[in-house]
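Step one of this worksheet: look at the structure below.
The values are calculated or read from the model by the stated rules, or taken from the named source; none is laboratory data. Just so we're clear, the structure is a prediction, and the values are computed from it rather than from any experiment. Cβ placement follows ideal geometry from the backbone for every residue including glycine, while neighbour counts extend to all protein chains displayed.
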């Protein structure tokens with residue numbers, strides 16, 4: 001539960017709402033016990049056809065009679081002590097004398113209280129008839145119920161406010177932390193797990209916080225007020241009734257541990273369901289073309305069955321809590337009932353002879369009835385507390401997952417203080433770079449490369465040769481295992497990654513677009529881009545060829561990931577987005593692979609002018625893209641196999657010739 005209390009700590013910023021919820025809980029608990037105590041005037045006064053005045057007079061009268069009897073008993077025991085045959089007999093009489101003297105003191109105190117406090121109030125305010133007393137009790141109960149309902153609504157709203165605001169803060173915090181995770185960590189977590197954390201797990205934290213500030217505060221206070229009132233009648237009898245509490249605590253703790261393990265499994269099942277949904281509907285065309293609908297349905301069913309089984313197991317453990325508490329509660333009340341009934345029926349104050357004193361004066365039946373009513377009033381909050389266990393355990397497990405996943409230092413560190421990142425005007429250097437995605441499986445092997453400012457370099461090679469890995473390292477999505485990457489002589493590990501990324505724009509083969517208009521997706525490249533700059537970027541990417549055909553033009557909604565556009569159109573929008581960023585380092589990673597040859601030629605003609613004033617890295621398998629390059633780097637098995645002009649590579653490099661035949 002420690003991670004959950006971290007969430008509670010975060011919620012303390014809403015201290016006034018929490019204070020209001022606690023005050024409401026206190027009022028509800030007091031009103032709860034007050035509503036239960038109305039049974040006393042109804043049972044003791046009204047049902048015996050008495051008024052409050054005759055009742056208090058009867059209590060005082062019976063108190064004086066008890067005092068007289070106790071005085072007589074005290075005198076008799078004092079004479080018995082004087083006439084005792086030996087010390088043992090005198091000791092027994094002395095013990096009984098002490099008990100009677102304690103009872104006498106308590107009875108005198110009780111009568112004095114009734115005469116000095118209760119009787120004047122009743123004489124002044126109480127109704128004069130039994131029916132009037134009943135009406136007063138029912139009216140009091142109605143007012144208490146209305147007030148309790150008001151405070152319950154206020155408590156529920158305030159706890160919901162605290163929980164919702166805290167979860168909103170946590171969701172924003174962990175969304176930011178998810179964006180700050182290094183790429184290797186994101187790859188390891190997976191999209192489905194991130195969605196599970198930020199959606200499903202946050203809902204469980206919300207439920208846990210609502211329960212913590214709601215029932216977890218309110219119900220124990222209700223229970224405590226009832227137990228305090230019961231203790232006022234007889235503390236020893238109350239302690240006897242609580243004899244099963246340790247056993248109940250042990251059983252609840254055992255069930256909650258198993259529930260926590262099942263909750264962890266349920267979260268994994270939810271992640272699997274999200275993963276199945278994401279993969280199926282992001283690749284629904286692939287599913288359909290290979291007629292794999294049945295396969296995906298089976299996979300989804302397997303994930304859903306696992307989730308269902310975990311949910312059923314949690315429901316089983318949750319359902320066990322109520323009968324456990326109810327059975328233990330019945331046992332406790334039964335023990336108290338037997339003990340109390342024996343005391344009342346035998347007019348006694350002690351159990352087990354004179355060994356255990358329960359009350360100073362014998363209990364009356366109406367007092368015992370009120371005692372049991374208060375125990376019943378305490379048992380209802382205990383029953384509701386079983387609902388708290390499940391929700392708190394689930395909330396704690398969700399917090400544990402969140403903190404374990406995100407509260408770790410990223411591998412891509414932010415140096416303190418960072419070295420200032422100059423505007424790129426000199427060179428990019430890769431110095432003896434070694435990099436592995438997996439241990440002992442190097443992708444780059446002691447690679448060294450220098451790219452002067454304003455040079456356009458084409459990087460070519462077979463699949464897996466390390467081309468894209470190079471630009472991943474340049475953008476600090478990953479850090480090399482060994483070696484250094486320097487821009488204008490500054491090691492990238494010494495600068496804030498955001499600073500180098502501000503100078504980079506990247507167009508990939510699978511261009512990711514966002515829900516929104518074409519215009520919004522282009523403007524995504526630079527926040528303060530003017531309309532003229534956006535239109536200029538669109539012109540270089542030749543967007544007007546298809547945008548002008550749309551009824552809404554640049555305000556056309558593209559759908560999820562631009563699914564209303566063709567693959568080539570999406571690449572051209574992504575190209576415009578990168579151009580409008582006006583980068584110092586321009587990366588084209590198979591950026592025109594989906595564009596037809598004629599349009600590509602036109603785009604290259606405009607790009608040739610654009611890239612003159614910046615360093616450009618082109619990763620390509622298309623011969624036509626090499627027309628933009630001043631230099632070509634041929635890579636093989638994580639090393640540079642050839643470095644020259646395109647013409648020299650075409651003449652001298654066998655690897656280049658295999659990649660680009662002269663007829664291509």
**Residues that are surrounded by fewer than 17 Cβ atoms within 10 Å (Cβ to Cβ), in a strand (DSSP E or B) and touching a residue at least 40 places away in the same chain (Cβ under 8 Å), drawn from the range 449-482** = 452, 482
**Prompt:** Could we say that residue 209 is in contact (Cβ under 8 Å) with a residue 12 or more places away in the chain, farther than 17 Å from residue 16 by Cα and touching a helix residue (DSSP H, G or I) at 6+ places or on another chain (Cβ under 8 Å) here?
**Reply:** no
**Prompt:** Across the range 387-428, what is the total count of residues that are part of a strand (DSSP E or B) and either under 15 Å from the mean Cα position of the chain (by Cα) or crowded, with 20+ Cβ neighbours inside 10 Å (or both)?
**Reply:** 1
**Request:** Return the only residue of 111, 153, 144 being surrounded by fewer than 14 Cβ atoms within 10 Å (Cβ to Cβ) and either in a helix (DSSP H, G or I) or not assigned by TED's automatic domain parsing to the domain that holds residue 203 (or both).
**Result:** 153
**Item:** Leading residue by the ranking (surrounded by the fewest Cβ atoms within 10 Å (Cβ to Cβ)) among those in the range 342-367 that are at pLDDT below 75 and in a helix (DSSP H, G or I)
**Value:** 345
**Complete:** Picking from 321, 316, the residue that is surrounded by fewer than 17 Cβ atoms within 10 Å (Cβ to Cβ), in a helix (DSSP H, G or I) and either at pLDDT 80 or above or within 32 Å of the chain's Cα centre (by Cα) (or both) would be 316
**Criterion violated by residue 215 - all others in (1) closer than 30 Å to residue 438 by Cβ; (2) touching a helix residue (DSSP H, G or I) at 6+ places or on another chain (Cβ under 7 Å) satisfied** = (1)
**Asked** Considering the range 179-194 alone, what residues qualify as being surrounded by fewer than 18 Cβ atoms within 10 Å (Cβ to Cβ), at negative phi and in contact (Cβ under 8 Å) with a residue 24 or more places away in the chain?
**Response** 180, 183, 184, 185, 189, 191
**Message:** Here is a check on your reading of the model: is residue 265 over 27 Å from residue 158 (Cβ atoms) and in a helix (DSSP H, G or I)?
**Reply:** yes
**Request:** Could you look through the range 487-496, keep only residues that are buried (at least 18 other Cβ atoms within 10 Å of the Cβ) and touching a strand residue (DSSP E or B) at 6+ places or on another chain (Cβ under 9 Å), and pick out the one that is farthest from residue 451 (Cα to Cα)?
**Result:** 495
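Listed here are the residues, each with its yes/no results for (1) under 20 Å from residue 450 (Cα atoms); (2) within 45 Å of the chain's Cα centre (by Cα).
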position: 583; (1), (2): yes, yes
position: 591; (1), (2): no, yes
position: 600; (1), (2): no, no
position: 610; (1), (2): no, no
position: 623; (1), (2): no, no
position: 639; (1), (2): yes, no
position: 651; (1), (2): no, no
position: 655; (1), (2): no, no
**Asked** Which of the residues spanning the range 206-215 are over 12 Å from residue 390 (Cα atoms) and in a helix (DSSP H, G or I)?
**Response** 206, 209, 210, 213, 215
**From 44, 56, residue being in a helix (DSSP H, G or I), crowded, with 19+ Cβ neighbours inside 10 Å, modelled with pLDDT under 80 and not assigned by TED's automatic domain parsing to the domain that holds residue 374** = 56
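Residue-wise test of (1) in contact (Cβ under 8 Å) with a residue 12 or more places away in the chain; (2) in contact with a helix residue (DSSP H, G or I) (Cβ under 7 Å, 6 or more places away or on another chain); (3) under 26 Å from residue 55 (Cα atoms).
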| site | (1), (2), (3) |
| --- | --- |
| 116 | no, no, yes |
| 119 | yes, yes, yes |
| 129 | yes, no, yes |
| 142 | no, no, yes |
| 147 | yes, yes, no |
| 163 | yes, yes, no |
| 172 | no, no, no |
**Request:** Take residue 444 and decide whether it is surrounded by 15 or more Cβ atoms within 10 Å (Cβ to Cβ), assigned to a strand (DSSP E or B), more than 43 Å from the chain's Cα centre (by Cα) and in the same structural domain as residue 626 (by TED's automatic domain parsing).
**Result:** no
**Message:** Here's a check for you: in the range 503-531, which residue that is under 25 Å from residue 424 (Cβ atoms) and free of Cβ contacts under 8 Å to residues at least 12 places away in the same chain is farthest from the chain's Cα centre (by Cα)?
**Reply:** 530
**Request:** Say whether the condition of being in the same structural domain as residue 269 (by TED's automatic domain parsing), crowded, with 18+ Cβ neighbours inside 10 Å, at pLDDT below 85 and assigned to a helix (DSSP H, G or I) is met by at least one residue in the range 243-251.
**Result:** yes
**Request:** Output yes when any residue across the range 260-272 is without any contact (Cβ under 8 Å) to a residue 40 or more places away in the chain and more than 23 Å from residue 398 (Cβ to Cβ), and no when none is.
**Result:** no
**Prompt:** Among 393, 389, 443, 382, which is more than 30 Å from residue 170 (Cα to Cα), touching a residue at least 60 places away in the same chain (Cβ under 8 Å) and out of contact with any strand residue (DSSP E or B) (no Cβ under 9 Å at 6 or more places or on another chain)?
**Reply:** 382
